[in-house]
Amino acid sequence: MSNVIDQTVESPCVGVCQYNDEDYCSGCFRTSEEISEWSMMSKKEKRKVIELLPSRMEELF
């Protein structure tokens, strides 16, 4: 068993890619820009986006 901790930040994508008028995806609540830049973002940037998602979800529902 390895003691190495996986440092990757998983994408919040759930495979439902539909955008509302505010450009938020109704599946993961990221903007189209955040989605397209995800693979190029640093771990810190990804975590920052993920921290915003619950409040976006509350705004939409």
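We did not get these values from a lab; they are worked out from the coordinates using the rules stated. Being a predicted model, the structure only gives us computed values, none of them experimental. No Cβ is skipped: glycine too gets one built from the backbone with ideal geometry, and neighbour counts run over all protein chains shown.
Note the angle between two axes, namely the Cα long axis of helix 43-60 and the longest principal axis of the Cα atoms of the chain, as a number of degrees from 0 to 90, rounded to the nearest 10. On a 0 to 90 degree scale, this one is about 30.
Per-residue ellipticity at 222 nm, computed for the chain from helices alone with -39500 (n - 2.57) per DSSP H run of at least four residues, works out to -12000 deg cm²/dmol. Here the Karplus curve 6.51 cos²θ - 1.76 cosθ + 1.60, taken at θ = phi - 60°, turns the phi angles of the range 8-19 into couplings of 6, 10, 5, 5, x, 4, 10, x, 10, 10, 9, 9 Hz, with x standing for Gly and Pro.
Each principal axis of the Cα cloud of the chain was taken in turn, and the coordinate range along them, longest first, works out to 46, 22, 20 Å. Per-residue Karplus couplings for the range 20-30, computed as 6.51 cos²θ - 1.76 cosθ + 1.60 with θ equal to phi - 60°, are listed in order as 8, 5, 8, 6, 9, 6, 6, x, 10, 6, 8 Hz, Gly and Pro entered as x. Excluding residues fewer than 8 places away in the same chain, name every one of the aspartates and glutamates whose C-alpha is closer than 14 Å to that of LYS48. Leaving aside aspartates and glutamates fewer than 8 places away in the same chain, those within reach of LYS48 are GLU10, GLU34, GLU37.
For the chain, what does the relative contact order come out to in percent, with C-alpha contacts under 8 Å and a separation of six or more?
Contact order relative to length: 26 percent.
Between exposed GluC sites (Glu not before Pro) in the chain, where DSSP calls loop and at most 12 other Cβ atoms lie within 10 Å, what's the longest gap? With a cap of 12 other Cβ atoms within 10 Å, the longest stretch comes to 23-61.
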